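Please treat every number below as a calculation from the coordinates, not as lab data. This structure is a prediction, so every number in the text was calculated from the model and none was measured. Note: ideal-geometry Cβ built from the backbone for every residue, glycine included; neighbour counts use all protein chains shown.
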Amino acid sequence: MSPPPAPASEPAGERQAYVPPTIVAHQSGLANKFGRGPTRRSLTRIDGVPVTDLVERFGTPLFVFGERRLRRRFRDVQRTFNVRWPKVQFAWSYKTNHLDAVCRIFHDEGAWAEVVSEVEYAMARRLGVPGEQIVFNGPYKPTESLRTAVAEGAHIHIDHHDELWDLERIACEHGRPVPVAIRVNMDTGTYPRWGRFGFDLDGGEALDVVRRIAASPHLELGGLHTHIGTYMLAPEAYGIAATKLVELAQRARELTGRLPRYLDLGGGFASHATLHAQYSPASDTVPPIEAYADAITTPLLAAGFRADEAPTLILETGRALVDDAGSLIARVVASKRLPGGARAIVIDAGLNVLFTSLWYRHEVLPALDRGGLFEDTTVFGPLCMNIDVVRPSVLLPPLEVGDPLVIRPVGAYNVTQSLQFIRLRPAMVLIGDGGQIDLIRRAEELDDLKGPERLPDRLAPGHAR
Ligand SMILES: Cc1ncc(COP(=O)(O)O)c(C=O)c1O
């Protein structure tokens, strides 16, 4: 018997693969407080470029950054502060994303560098950032790196007493007083309180350190710094922090005769990623930048500083500038049913490159619009590790092996925290302002991982024992 003819809609020779039918409860049409089903069904382009073109050219997984978004966001945030305070300086937080292309875009827009180790310091210098435009934070700054930072005029934020002693010795060798700043921690009414960095302000330790610096012939107080937390949803906390920093600055003026030249309020503004623990999506809960800016600048304005002494406001905003500009394209490598009948897919990117899935409920969007019923799906990464879950549950339509997905926002903390655990790290591209696509980090090869290792001859394969 000859096989039945293909349906008229199917061109001869392109028969679709047979997918066995499954019966599932259809829940995706049920209304919730945000309306019906998923708000967005697919994402076929990133910044105007078809996802399928990117996949064809660079493969997956693939990180994609949008230059236009980076620049536009930076300018918007900067303007929001500039209209509220006359002297504002952003310092780009390298730990949030240290890709050269991303850092250069922010420096090009006028940001300094904010670094927390000698390695990050060297990254900034390699990119041409002068020492005077580097803010040097962190709880461990090796003595040699402090010496370099002093010589190059970087803004050193002292974290603890041992560093203070170290710096005083270096400043003594230096031959003239070295301006330094101190990091302080404080209660801002939020939990958890970040008490492990810097000096305690509420208990008086910070003021003692100000006294100590005022008494030193080798040091002078150039600034005050605090970083009260990350993904902070309460702008009021910044109002408290700014108020307390202004008070400390005024006490410092009483002791030294002059105000510190800058107040640094750190980073921590929330991005538009939703936390697992959040009931409502970030689009409904994340305060606008204006709310943070109002909270910070109101106490500064209320302090009534003279125009010639008004301190510069430094901000080390990280995730709120870069998160939304980053997407990750991954592909489905398997589709399966879990023992309870729930649907699951395995994709080619997991916790190794998407560390933030531990706390973010990332959007996972098919890049092809195939239609079909949406069903609760667990998205697993490719690692042979039980914890490798990108989304425990997300509504997705039927997907086939090879289908691309876009995961976002992923621009903050993933590049810098990615691991070569089980798999190598993927390529990264930048979609330029004019639509050009540049490879800004190639996919890793085995030598990138194994290159630094040395195998003793006696263990070499084939060595006679
Ligand atoms: C000292 C300091 N500044 C800035 C940042 C950037 O923070 P965020 O990405 O939350 O804006 C961090 C990150 O934790 C930090 O530790």
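What angle do you read, to the nearest 10 degrees and between 0 and 90, between the alpha-carbon axis of helix 289-302 and the longest principal axis of the chain?
10
Using alpha carbons only, how many degrees (0 to 90, rounded to 10) separate the axis of helix 235-256 from the longest principal axis of the chain?
Approximately 20 degrees, to the nearest ten.
Can you give the Kirkwood hydrodynamic radius for the stretch 67-323, in Å, rounded to one decimal and based on Cα pairs?
Final number for the Kirkwood radius of the stretch 67-323 is 18.5 Å.
Hey, can you rank 436-443, 86-93 by average C-beta count inside 10 Å, highest first?
Most protected by this proxy first, the peptides run 86-93, 436-443.
Counting DSSP beta bridges in the chain, what percent are antiparallel, to the nearest 5?
45
Could you sort the peptides 155-164, 121-130 by per-residue average Cβ neighbour count (10 Å cutoff), highest mean leading?
Per-residue Cβ counts within 10 Å, averaged per peptide and sorted highest first, yield 155-164, 121-130.
Enter the angle in degrees (range 0 to 90, nearest 10) between the Cα long axis of helix 161-174 and the first principal axis of the Cα atoms of the chain, meaning the one along which they spread out most.
Helix 161-174 sits at roughly 60 degrees to that axis.
Calculate, for Lys336 and Val119, the FRET efficiency according to 1/(1 + (r/R0)^6) with r their C-beta to C-beta distance and R0 51 Å; round to the nearest 0.05.
0.80
Could you tell me the extents of the stretch 80-144's C-alpha atoms along the three principal axes, largest first, rounded to whole Å?
Largest first, the stretch 80-144 extends 39, 25, 20 Å along its Cα principal axes.
Which whole-number percent gives the relative contact order of the stretch 119-192, counting Cα pairs below 8 Å spaced six or more residues apart?
Relative contact order of the stretch 119-192: 27 percent.
Per residue Cα convex hull volume for the chain, in cubic angstrom?
Value for the chain: 223 Å³ per residue.
Find the relative contact order for the chain and round it to a whole percent, using C-alpha pairs within less than 8 Å whose residues are 6+ positions apart.
On the way: 898 pairs, mean separation 84.2, N = 465.
Value for the chain: 18 percent.
Percent of Cα-Cα pairs per 5 Å bin, from 0 to the last occupied bin, for the stretch 319-465, please list those.
2, 8, 16, 19, 17, 13, 9, 5, 4, 3, 2, 1, 0
Where does the chain land at 222 nm, in deg cm²/dmol rounded to the nearest 500, when only DSSP H runs of n ≥ 4 count, each adding -39500 (n - 2.57), divided by all residues?
Using -39500 (n - 2.57) per qualifying helix, the result is -8000 deg cm²/dmol.
How big is the equivalent ellipsoid of the stretch 303-356 along its three axes, where each semi-axis is √(5λ) from the Cα gyration tensor, reported in whole Å from largest to smallest?
Gyration-tensor ellipsoid for the stretch 303-356: 50, 12, 8 Å.
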